[in-house]
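The values are calculated or read from the model by the stated rules, or taken from the named source; none is laboratory data. What you see is a predicted model, and the numbers here were worked out from it, not measured in a lab. For neighbour counting, all protein chains shown are included, and Cβ atoms are generated from backbone atoms with ideal geometry for every residue, glycine included.
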Ligand code: BG6
């Protein structure tokens with residue numbers, strides 16, 4: 001903690017917490033755009049925070065992404081995880097397997113020696129198939145568990161980066177650009193005021209649900225994500241932000 005004081009990280013945390021009006025902010029040293037290990041440091045900080053929040057039968061919902069993959073890698077077993085259930089926050093959002101919420105959920109639970117349930121729903125569904133699939137008992141059961149989660153851990157992406165990574169269809173791409181989306185989280189795209197301008201349709205947690213979850217932790221860093229973080233946080237004041245120095249310095253600029 002002395003070291004964090006010397007590095008000025010505590011000062012950065014205080015400034016960002018006040019400026020973005022968040023529940024809490026944790027800043028780790030470095031910039032994950034430059035050094036890959038910084039993502040792991042955010043992961044370590046996130047794991048420590050999760051452990052503080054666990055109480056009895058907690059359901060923890062997680063999204064996909066490389067940052068959440070780093071959180072999973074840093075997870076360590078703890079007797080506290082015996083009664084914890086990990087679930088993916090939402091169904092498929094067009095990510096590669098390694099970045100999918102299901103993959104990360106299973107990995108995190110294995111590392112924690114906790115339990116997990118997965119969502120087996122295809123990404124692109126017609127309206128009718130979608131309606132019948134969410135009534136399937138096995139799917140419905142998992143969806144109910146997701147809705148009952150009291151901790152949600154998620155990543156935040158730059159809108160354009162995410163839209164491209166998901167191989168978004170040209171007409172949707174146009175909509176995202178025309179509406180000046182700068183941030184993405186949970187498959188929702190936000191403009192710089194934090195207003196939703198587009199969403200990917202899938203089952204699981206919806207943005208309205210996120211606002212009601214007891215503990216929400218956003219993990220996102222790198223100077224290149226500062227704009228996205230700032231925009232997303234405008235509508236997520238009850239969240240805890242775990243970020244890095246690279247993003248933090250941009251967040252307090254001007
Ligand atoms: C995706 C999530 O899997 O990861 C997005 O669905 C999130 O909501 C993104 O923005 C973040 O990815 P990364 O690799 O930048 O951590």
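For residue 103, the criteria (1) more than 23 Å from residue 166 (Cβ to Cβ); (2) free of Cβ contacts under 8 Å to residues at least 60 places away in the same chain; (3) part of a helix (DSSP H, G or I) hold in every case but one, which is (1). Selection of strands (runs of 3 or more DSSP E) fully inside region 170-209 by the criterion of at least 1 residues being surrounded by fewer than 17 Cβ atoms within 10 Å (Cβ to Cβ) returns 196-199.
Residue 129 falls short on exactly one of the conditions (1) in a helix (DSSP H, G or I); (2) modelled with pLDDT of 95 or more, and that condition is (2). Criterion first (within 12 Å of the ligand (Cβ to nearest atom) and closer than 22 Å to residue 69 by Cα) does residue 200 satisfy it? Yes: the conditions hold for residue 200. Would you check if residue 163 is touching a helix residue (DSSP H, G or I) at 6+ places or on another chain (Cβ under 6 Å) and at pLDDT 95 or above? Judged against the criteria, residue 163 is a match.
Across region 23-39, the qualifying residues are those that are part of a loop (DSSP other than H, G, I, E, B) and in contact with a strand residue (DSSP E or B) (Cβ under 8 Å, 6 or more places away or on another chain), and the one among them that is nearest to the ligand (Cβ to nearest atom) is 32.
The set of residues in region 79-100 that are over 30 Å from residue 173 (Cα atoms), without any contact (Cβ under 8 Å) to a residue 40 or more places away in the chain and touching a helix residue (DSSP H, G or I) at 6+ places or on another chain (Cβ under 8 Å) comprises 80, 81, 84, 86. The single residue among 128, 110, 52 that is over 15 Å from the mean Cα position of the chain (by Cα) and under 24 Å from residue 248 (Cβ atoms) turns out to be 52.
Checking every residue in region 46-56 against the condition of being at negative phi, crowded, with 17+ Cβ neighbours inside 10 Å and within 16 Å of the ligand (Cβ to nearest atom) gives at least one match. For region 215-230, the criterion of a residue being touching a helix residue (DSSP H, G or I) at 6+ places or on another chain (Cβ under 7 Å), without any contact (Cβ under 8 Å) to a residue 12 or more places away in the chain and not in a loop (DSSP other than H, G, I, E, B) is satisfied by no position. Filtered by the rule that a residue be more than 10 Å from the ligand (Cβ to nearest atom), part of a helix (DSSP H, G or I) and surrounded by fewer than 21 Cβ atoms within 10 Å (Cβ to Cβ), region 65-97 gives 73, 74, 79, 80, 82, 83, 97. Would you confirm, using the coordinates I've provided, whether residue 68 is within 19 Å of the chain's Cα centre (by Cα) and within 18 Å of residue 147 (Cα to Cα)? Spelling it out, it is not the case that residue 68 is within 19 Å of the chain's Cα centre (by Cα) and within 18 Å of residue 147 (Cα to Cα). Of the candidates 49, 44, 19, the single residue that is in contact with a strand residue (DSSP E or B) (Cβ under 7 Å, 6 or more places away or on another chain), outside any loop (DSSP other than H, G, I, E, B) and modelled with pLDDT of 95 or more is 49.
Number of residues in region 98-119 that are away from the ligand (no atom under 15 Å from the Cβ) and farther than 18 Å from residue 149 by Cβ equals 3.
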